[in-house]
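Report on one structure; see the data block that follows.
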Amino acid sequence: MAQTVRAQQTQTPAIDAAAVLAWYDRHARDLPWRVSPTDRARGQAPNPYFVWLSEIMLQQTTIAAVRKYFAAFTALWPTVHDLAAAPLDDVLVQWAGLGYYARARNLHACAVAVVEHHGGVFPKSAAQLRELPGIGDYTSAAIAAICQDEPVAVVDGNVDRVVARYLALEKPVREEKPLVRATVQAVVPQRAGDFAQAMMDIGATICAPRRANCLVCPLEAGCLGRRTGNPLAFPVPPVKAPRPNRYGHAFVIRHPQGKVFVRQRGPKGLLAKMTEVPGSDWTDASEPAAFPIAGDWEPAGAIEHTFTHFHLTLSVWVLNADAPLDEGWWSDETRLSDEALPSLFRKVLSRAGLQA
DNA sequence: AATACGGGGGT
DNA sequence: ACCCCAGTATT
């Protein structure tokens with residue numbers, strides 16, 4: 001008897017792909033890069049360039065944050081040829097503020113590769129897409145499924161969560177990646193693209209991080225997490241590393257003719273190749289400012305900024321001067337939106353009284 | 001297998 | 001505050 005009960009509990013009902021698709025046909029989100037299930041059924045194909053661009057932008061980034069950037073990029077560069085022909089620095093300017101800037105560098109490299117090595121046409125298969133810069137396991141599967149209906153498992157953070165709850169996984173989902181992937185792969189239907197997007201939509205709108213709206217979920221019938229009575233207990237959260245504090249100084253040099261001195265960061269590491277205001281190293285303890293040039297530096301308070309793996313406090317100093325540093329350029333204070341300034345340095349310039 | 005890598009929106 | 005987002009590359 002006990003054995004029978006245990007067998008039932010560990011039985012993992014397959015995900016009902018037909019129910020997922022039926023739900024998607026009624027509740028698919030309307031997104032600028034997406035072809036609706038209705039239009040897809042009529043034979044309309046997604047634009048691989050739009051799908052790819054959106055997928056790169058959406059890596060670890062919310063749809064709300066992506067919308068404006070996607071509109072700007074497709075307006076400036078309507079095709080992969082246009083993007084490949086653009087200077088990388090222009091791409092970085094447009095990407096500024098979206099974060100994870102390696103994505104922008106890989107985006108440009110990928111566009112160049114598609115034009116140079118694939119005649120400007122995105123490869124069809126996930127395996128070929130996987131070879132391109134910035135395209136990993138998830139993104140290659142997503143593009144191939146959405147654009148070609150290749151029957152591959154598309155597993156992002158949403159699907160991780162949906163499946164972790166569906167199977168009531170006891171361990172952090174990172175340790176169960178193969179099981180999650182196999183569970184999805186086993187049920188991928190012919191409409192592989194719609195199914196992939198449906199699973200992500202379910203994760204975004206029904207089976208959300210802090211809310212499980214099981215009453216309207218097409219997976220409710222077989223969901224073990226639901227059966228436990230506390231689906232929000234899944235997925236089990238991973239142990240989180242503490243986020244240390246770092247400190248530094250930022251030096252804003254304002255030219256009398258309405259310009260401010262900026263420079264380009266190095267080619268590797270944090271915010272690589274982006275534009276910055278000169279500053280000190282960032283250290284574990286606060287240190288006195290060592291000004292790059294002599295002058296009447298005025299304190300302008302401090303800004304706080306949180307990165308993925310540390311928290312930064314930057315003291316902001318302002319000097320009115322017409323002497324530049326060694327490397328860098330004067331940027332018009334009214335045209336700072338033309339610079340590749342990450343949010344951190346927009347905060348710094350804002351603190352110094354500039355419209356960044 | 002761990003770590004580096006941004007920023008913002010939701011709770 | 002804390003979580004987490006249509007992850008990838010590097011070590």
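The values are calculated or read from the model by the stated rules, or taken from the named source; none is laboratory data. The structure presented is a predicted model; accordingly, all values stated were derived computationally and were not measured. Reconstructed Cβ throughout: ideal geometry from the backbone, glycine too, with neighbour counts over all protein chains shown. Ligands, DNA and RNA are stripped out before the accessible areas are found, and what is left, the full protein with its side chains, is counted by its heavy atoms. Shrake-Rupley method; radii C 1.70, N 1.55, O 1.52, S 1.80 Å.
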For this session: Give me the percent of the accessible area of chain A that comes from carbon and sulfur atoms, probe 1.4 Å, all protein chains in place.
Result: 51
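So what is the relative contact order of segment A:245-351, in percent, for Cα pairs below 8 Å that sit 6 or more residues apart?
Once normalised by length, the contact order is 39 percent.
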Seminar exercise, completed: Reported to the nearest 10 Å², A:VAL277 has, with a 1.4 Å probe, an accessible area equal to 0
Problem set entry | Residues whose placed amide H lies under 5 Å from that of A:VAL316, excluding near-sequence neighbours | A:ALA250, A:ALA300, A:GLY301, A:ALA302, A:ILE303
Problem set entry | Square roots of 5 times each gyration tensor eigenvalue, C-alpha, chain A, largest first, Å | 45, 26, 16
For this session: Return a whole-number percent for the relative contact order of chain A, with Cα pairs under 8 Å and 6 or more residues apart as the contact set.
Result: 16
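Rank these residues by their accessible area, most exposed first, probe 1.4 Å: A:THR308, A:THR61, A:THR205, A:THR334. Could you put the intermediate results ahead of the total?
On the way: A:THR308 90, A:THR61 25, A:THR205 55, A:THR334 115 Å².
In descending accessible area the options line up as A:THR334, A:THR308, A:THR205, A:THR61.
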Exercise. For chain A, what does -39500 (n - 2.57) per DSSP helix run (n ≥ 4), summed and divided by total residues, give at 222 nm, in deg cm²/dmol to the nearest 500?
Worked result: -11500 deg cm²/dmol
Exercise. Given H placed on each backbone N at 1.01 Å, which residues far from A:SER331 in sequence or on other chains put an amide H within less than 5 Å of it?
Worked result: A:VAL260, A:PHE261, A:VAL262
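Pairs to check: A:LYS171/A:LYS347; A:LYS68/A:LYS347; A:LYS240/A:LYS347; A:LYS240/A:LYS268. Give those whose C-alpha atoms are more than 31 Å from each other in this structure. Display every interim value, and only then the final one.
Numbers: A:LYS171/A:LYS347 40 Å; A:LYS68/A:LYS347 20 Å; A:LYS240/A:LYS347 27 Å; A:LYS240/A:LYS268 26 Å.
Listed pairs above 31 Å: A:LYS171/A:LYS347.
Kindly sort A:MET57, A:MET200 by accessible area of their heavy atoms, largest first, with the probe set to 1.4 Å. Please list the in-between numbers first.
Numbers: A:MET57 0, A:MET200 20 Å².
Listed by decreasing accessible area, they come as A:MET200, A:MET57.
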Seminar exercise, completed: Filtering trypsin sites (Lys or Arg not before Pro) in segment A:15-44 by DSSP loop and by at most 10 other Cβ atoms within 10 Å leaves A:ARG42
Seminar exercise, completed: With all protein chains present and a 1.4 Å probe, the order of A:LYS171, A:LYS68 from largest accessible area down is A:LYS68, A:LYS171
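So, R0 is 45 Å and r is the distance between the beta-carbons of A:ASP338 and A:ARG130; what FRET efficiency does that work out to, to 0.05? Numbers along the way, then the final one.
Numbers: r = 35 Å, r/R0 = 0.78.
The pair A:ASP338/A:ARG130 has a calculated efficiency of 0.80.
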Problem set entry | Neighbourhood charge, 14 Å Cβ-Cβ cut-off, centred on A:CYS223 and excluding it, Lys, Arg +1 and Asp, Glu -1 | +2
For this session: Report ³J(HN,Hα) in whole Hz for each residue of segment A:154-164, in order, from the Karplus equation J = 6.51 cos²θ - 1.76 cosθ + 1.60 where θ = phi - 60°; Gly and Pro get x.
Result: 10, 10, 10, x, 4, 5, 3, 5, 4, 6, 4
Problem set entry | Estimated FRET transfer efficiency (A:VAL236, A:ALA19; beta-carbon r; R0 35 Å; 0.05) | 0.85
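Shape of segment A:245-351 from its Cα gyration tensor (a ≥ b ≥ c, root eigenvalues): rounded if a/c is under 1.5, otherwise prolate when a/b > b/c, or oblate? Don't skip to the end; give the middle numbers.
Working: a/c = 1.67, a/b = 1.24, b/c = 1.35.
It comes out oblate by the Cα gyration axes.
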